[in-house]
Number of protein chains: 2
Amino acid sequence: MRVELVTVGDELLLGDTVNGNAAWLGRRLAEAGVEVTRSVVVGDLLAEIVEAVTAALGRADAVIVTGGLGPTYDDLTRDALAAAAGVPLVLDKDLERRLRDRVAAAGRTLVPMALRMAEVPEGARVLPNPVGSAPGLRVKLPGGVAYALPGVPREMRAIMTGTVLPELRAAISGTPAVRRILRTAGVWESELADRLAPVEALEGVRLAYLPDPAEVRVRITATGPDAEALAGRAERMARELLGPAVYGEDADTLDRVVHRLLAERSATVATAESLTGGLLGAELTAMPGSSATYAGGVVAYATRLKHELLGVPRELLDAEGAVHPDVAAAMAAGVRDRLGATYGLAVTGVAGPEPQDGRPVGTVYIAVAGPGCDPRVTAPDLPVPSDAAAARAPVRRMTVVHALDLLRRTLLGVAGETGRDDLPAHREERG
Amino acid sequence: MRVELVTVGDELLLGDTVNGNAAWLGRRLAEAGVEVTRSVVVGDLLAEIVEAVTAALGRADAVIVTGGLGPTYDDLTRDALAAAAGVPLVLDKDLERRLRDRVAAAGRTLVPMALRMAEVPEGARVLPNPVGSAPGLRVKLPGGVAYALPGVPREMRAIMTGTVLPELRAAISGTPAVRRILRTAGVWESELADRLAPVEALEGVRLAYLPDPAEVRVRITATGPDAEALAGRAERMARELLGPAVYGEDADTLDRVVHRLLAERSATVATAESLTGGLLGAELTAMPGSSATYAGGVVAYATRLKHELLGVPRELLDAEGAVHPDVAAAMAAGVRDRLGATYGLAVTGVAGPEPQDGRPVGTVYIAVAGPGCDPRVTAPDLPVPSDAAAARAPVRRMTVVHALDLLRRTLLGVAGETGRDDLPAHREERG
């Protein structure tokens with residue numbers, strides 16, 4: 001099955017928006033065994049959309065159109081699909097009622113323009129949008145099927161996952177390739193590839209590495225008549241070779257895994273942050289139910305607050321500055337103690353673009369304090385962009401991932417793998 | 001002058017890479033007054049590239065192809081351009097010599113495959129690559145001109161800036177369209193469109209709305225002989241109609257604007273967060289230099305910590321729960337006081353998916369405490385997705401934007417516009 005993508009929006013041609021939707025769609029469709037053969041961006045012009053959709057269906061079995069389903073007059077995808085199908089737009093009473101209910105629930109009145117979102121090409125099927133106002137549409141056209149989805153990523157994803165992907169999967173015949181994804185943290189891509197050479201050597205198995213800052217997803221693709229069994233074998237080998245570097249499967253995220261490990265132990269964590277400014281707490285509270293395992297946190301951005309709010313000794317800060325393994329250890333112990341959590345997790349470091357207290361950009365110390373032992377401190381080796389001005393966001397992001405991974409490894413009782421791990425916390429030396 | 005983009009590479013169709021090159025090109029070309037009318041991604045297949053380039057030149061004056069110029073056998077752009085031009089590939093002696101010099105300087109020997117990078121379609125002009133091995137190419141084709149550039153962003157940008165953009169600028173006759181972007185916060189897209197109807201009615205002016213959660217960018221495009229003056233007039237009208245809803249221009253972000261306003265007043269802010277878990281602090285520390293205006297924050301996720309860390313009265317929490325305007329006000333006052341900042345900014349609310357303390361998902365109270373007056377509290381109307389499970393991320397994101405906007409409006413001394421703004425803080429009623 002061949003699918004083409006048509007993305008609608010002047011903002012994409014003008015470069016005001018990066019086409020993240022196309023990348024997300026390409027990835028999900030590839031995972032489902034559907035081949036994306038072309039991806040086209042057109043502006044908010046009726047004739048352009050009609051031409052692009054029609055041309056796409058001259059080559060492929062289906063086309064997925066994103067964007068142009070909103071309420072304003074530059075939202076023309078509905079009109080284009082109606083024109084391509086040679087049918088009029090009609091008002092869908094159900095959609096109209098749901099729109100009015102939504103707006104009323106927010107205590108507002110419907111502006112007439114918003115009613116455009118209740119219009120559909122005659123004969124089209126409405127694809128429910130669980131997270132927004134503009135529904136998706138499925139329209140039969142001469143050359144194949146067109147799916148139209150809103151351009152808002154969250155809404156597009158919800159309709160894809162809920163309706164379109166299951167439909168496409170059901171339409172595929174034959175044995176598709178089997179794909180597995182393993183999520184890893186704390187090990188560099190080249191190191192992973194080196195360790196996984198024996199898996200790569202298996203006949204019918206391909207590996208791909210999808211890196212995010214400080215995390216790498218390893219995609220295993222198995223093909224052939226016995227793809228399912230082969231994928232299972234490759235996955236088992238990979239898990240054995242990588243050990244605790246694997247933190248989960250595709251649907252897992254590091255914060256979810258940490259939450260689960262804490263919940264299993266009836267434990268909680270509190271965070272003390274400096275360079276990340278709250279990102280670590282935000283990550284630990286991203287998932288529903290996080291209040292069971294996350295107590296709270298302190299963002300001690302100004303150095304004096306590390307003493308005032310977390311009890312880091314003033315003389316330590318005066319002697320060593322804010323970026324030091326012992327400061328991280330004291331922050332972790334302090335936040336654990338003051339917030340009454342089972343674990344304290346702390347980060348301090350230099351996000352850039354300027355060095356701080358004589359330490360270069362990318363210097364980061366992470367500490368975890370738990371029951372019954374001294375804090376454990378690591379200094380991850382972060383690959384810092386050579387352009388210091390571009391370092392800030394990735395350094396902050398990598399720090400969060402390494403901090404979550406340190407807590408995960410501590411909860412599992414396993415060692416770290418990269419960087420100068422497990423620095424001794426020299427608290428006793430300072431009395 | 002109309003230009004189309006063709007991006008070559010399987011990795012883009014599979015979604016392993018986001019098409020950042022197309023966005024960068026779109027922006028630079030628009031700035032130069034060149035209209036990008038379509039952008040197409042094709043895989044590493046000769047026939048696909050030939051077809052896409054030929055079709056593009058059937059519609060536009062020029063096509064810019066990126067990717068597929070490297071040394072390996074899946075790099076097919078050179079072959080495709082030769083095929084489209086109906087000419088053979090020939091070895092360019094100059095390029096060959098420079099390749100050999102480059103490789104020798106790195107202390108290596110040239111692998112035969114690398115010589116592919118010295119081949120060019122007969123008659124093509126070589127565009128120097130100051131930062132890499134693969135040169136760009138300019139090829140005259142029946143329908144217009146094709147520029148081919150490497151897919152490596154740094155190399156693509158260097159050749160565009162050095163050669164292609166100056167050439168295109170010189171080729172433009174007439175007056176280009178003029179674009180302005182205004183950034184707004186706190187007003188819904190449909191409401192903005194309603195207020196801006198008089199601007200939309202101006203001859204030669206087009207408006208587009210680019211929404212993010214709780215923020216909307218308004219793009220004004222003016223065309224015609226007097227485009228510059230028309231754009232200026234449209235912008236002035238829009239600013240008048242929207243008032244303080246406009247927080248900046250294209251390059252501004254809300255956190256930068258808040259930072260600037262605080263810095264101008266030699267003021268600092270401290271944050272107290274609940275449902276956002278640290279996102280607000282993270283946003284306020286995203287930019288370099290934020291330590292001048294951001295002191296720190298407290299994430300009082302567990303309800304008891306709102307009392308212990310921020311001094312919210314225990315009886316208030318017992319009587320009203322954690323989600324209440326007075327709790328937000330007490331959090332703001334508490335964090336301002338305890339962290340010694342000029343302003344305290346606090347958020348409490350229900351991110352979902354479950355209601356909390358009897359309040360529905362999306363209930364949010366935001367408070368700012370400043371010098372010399374009672375805290376100001378707002379309850380923004382958030383458009384909550386009907387699917388509560390999908391509400392969490394957008395509710396948190398919208399809360400951050402509304403909080404930054406409340407601080408911005410407070411610093412400017414202007415009122416809010418949406419939601420039940422400026423709730424009285426009933427602290428005195430409780431003694």
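Tell me, A:Asp10, A:Asp94 in order of fewest to most beta-carbon neighbours within 10 Å?
A:Asp94, A:Asp10
Given 4 °C and 1.567 mPa s, how large is the Stokes-Einstein diffusion coefficient of region B:233-372 in µm²/s, with Rh as the Kirkwood radius over Cα pairs?
81
Each label point is 7 Å from the Cα along the Cα-to-Cβ direction; what then is the distance between the points at B:Asp387 and B:Leu241, in nm?
Each label point is offset 7 Å from its Cα along the Cβ direction, giving 3.5 nm.
Can you sort B:Ser133, B:Ser290 by how many other beta carbons sit within 10 Å, fewest first?
So the residues, fewest neighbours to most, are B:Ser133, B:Ser290.
Whole angstrom only: what separates the Cα centroid of region B:209-267 from the Cα centroid of region A:1-74?
Here the two parts' Cα centres lie 29 Å apart.
Which whole-Hz ³J(HN,Hα) couplings does region B:353-364 yield from phi under the Karplus relation 6.51 cos²θ - 1.76 cosθ + 1.60, θ = phi - 60°, glycine and proline marked x?
Karplus-based 3J(HN,Hα) across region B:353-364 equals x, 9, x, 9, 6, x, 9, x, 4, x, 5, 9 Hz.
Could you tell me what % of all Cα pairs in chain B have separations over 38 Å?
The share of Cα pairs beyond 38 Å in chain B comes to 43 percent.
Count charges around A:Val401 for me, please; just the other residues with Cβ under 12 Å from its Cβ, Lys/Arg as +1, Asp/Glu as -1.
That sum, taken over residues with Cβ under 12 Å, equals -1.
Hey, if you put +1 on the Cβ of every Lys and Arg and -1 on every Asp and Glu Cβ in region A:236-291, which of A:Thr271, A:Pro244, A:Thr285 ends up farthest toward the positive end of that dipole?
Checked the options; the winner is A:Pro244.
P(r) for the protein assembly as shown: what percent of alpha-carbon pairs falls in each 20 Å bin, starting at zero?
Percent of pairs per bin, in order: 14, 43, 37, 6, 0.
Would you grab the residues whose amide H sits under 5 Å from the one on B:Gly248? Only those 5+ places off in sequence or on another chain, please, with H modelled 1.01 Å from N.
Under 5 Å from the amide H of B:Gly248: B:Arg183.
Once you have the alpha carbon radius of gyration of region B:178-249, what is it after dividing by 2.2 N^0.38 Å, with N set to its residue count?
Taking the Cα Rg and dividing by 2.2 N^0.38 Å, one obtains 1.01.
Within the protein assembly as shown, what percent of beta bridges assigned by DSSP are antiparallel, to the nearest 5?
65
Got a sec to turn the phi values of region B:153-166 into Karplus ³J(HN,Hα) couplings, 6.51 cos²θ - 1.76 cosθ + 1.60 with θ = phi - 60°, whole Hz, x for Gly and Pro?
x, 4, 6, 4, 5, 5, 6, 4, 5, x, 10, 6, 4, x
Pick out which of A:Ala170, A:Ala267, A:Ala124 has the largest mean-square fluctuation in a Gaussian network model of chain A, springs linking Cα atoms closer than 10 Å.
Most flexible of the set in this elastic network: A:Ala170.
What distance in nm separates the two pseudo spin-label positions at B:Arg256 and B:Arg304, each 7 Å out from Cα along the beta-carbon direction?
Distance between label points: 4.4 nm.
Once Rh is set to the Kirkwood radius over Cα pairs, what Stokes-Einstein translational diffusion coefficient, in µm²/s, holds for region B:82-180 at a temperature of 4 °C and a viscosity of 1.567 mPa s?
The calculation lands on 86 µm²/s.
For chain B, modelled as a Gaussian network with Cα springs under 10 Å, which listed residue fluctuates most, B:Asp337, B:Asp226, B:Asp387?
Result: B:Asp387 has the largest fluctuation of those listed.
Distances from B:Arg102 to the same residue in each other copy, label points 7 Å out along Cα→Cβ, in nm, shortest first?
5.1
With charges only on Cβ, +1 for K and R and -1 for D and E, what is the dipole size of region A:178-249 about its Cα centre, in debye, rounded to 20?
For this selection, approximately 140 debye.
Take every Cα pair under 8 Å in region A:1-65 that's 6+ residues apart, average their separations, divide by the length, and report that relative contact order as a whole percent.
That works out to 53 percent.
Work the Kirkwood hydrodynamic radius out for region A:2-171: mean of 1/r over every pair of different alpha-carbon atoms, inverted, in Å.
15.9
Quick one: net charge of A:Ala104's neighbours, Cβ under 15 Å, K/R +1, D/E -1?
Once positives and negatives cancel, what remains is +2.
Under 28 Å between alpha carbons, and skipping anything fewer than 8 positions from A:Lys306 in its own chain: which lysines qualify?
B:Lys306
Take chain B, connect every pair of alpha-carbon atoms lying under 10 Å apart with a spring to form a Gaussian network, then pick out the residue of B:Met117, B:Met398, B:Met331 with the largest mean-square fluctuation.
Residue with maximal mean-square fluctuation among B:Met117, B:Met398, B:Met331: B:Met117.
Given N residues in region B:1-73, what is its alpha carbon radius of gyration divided by 2.2 N^0.38 Å?
For region B:1-73, the normalised Cα radius of gyration comes out at 1.09.
Mind checking the dipole of chain B: about its Cα centre, +1 per Lys or Arg Cβ, -1 per Asp or Glu Cβ, Debye to the nearest 20?
In total the dipole reaches around 1160 debye.
Take A:Glu191, A:Glu31 and order them by how many other Cβ atoms sit within 10 Å, fewest up front.
If I rank by nearby Cβ atoms, fewest first, I get A:Glu191, A:Glu31.
Only Lys, Arg, Asp and Glu count, each charged at its Cβ (+1, +1, -1, -1), so figure out the dipole size of the protein assembly as shown about its Cα centre, rounded to 20 debye.
For this selection, approximately 200 debye.
If you add up the charges near A:Ala234, with Lys and Arg at +1 and Asp and Glu at -1, over every other residue whose beta carbon is less than 13 angstrom from its beta carbon, what do you get?
Net of charged neighbours comes to +1.
Show which lysines lie in cross-link reach of A:Lys140 when reach means a straight Cα distance below 27 angstrom and same-chain residues fewer than eight apart are skipped.
Counting by Cα, and skipping residues close in sequence, A:Lys140 has these lysines nearby: A:Lys93.
Using alpha-carbon pairs under 8 Å, 6+ residues apart, how would you state the relative contact order of chain B in percent?
10
Please name whichever of B:Ala302, A:Pro112, B:Ala229 sits farthest to the positive end of the charge dipole of the protein assembly as shown, dipole taken about the Cα centre and charges placed at Cβ: Lys and Arg +1, Asp and Glu -1.
Value: B:Ala302.
Tell me what chain B gives for mean residue ellipticity at 222 nm when only DSSP H runs of n ≥ 4 count, each as -39,500 (n - 2.57), the sum divided by the residue total, rounded to 500 deg cm²/dmol.
-11000 deg cm²/dmol
Please list, in order along region B:234-247, the HN-Hα scalar couplings obtained from phi with the Karplus expression 6.51 cos²θ - 1.76 cosθ + 1.60 (θ = phi - 60°), rounded to whole Hz, x for Gly and Pro.
Values per residue, Gly and Pro as x: 4, 5, 4, 4, 4, 5, 5, 5, 9, x, x, 5, 7, 9 Hz.
Since every read-out is calculated from the coordinates, none of them should be taken as a lab result. These numbers come from a predicted model, not from an experiment. Here Cβ is always computed from backbone atoms with ideal geometry, including for glycine, and neighbour counts include all displayed protein chains.
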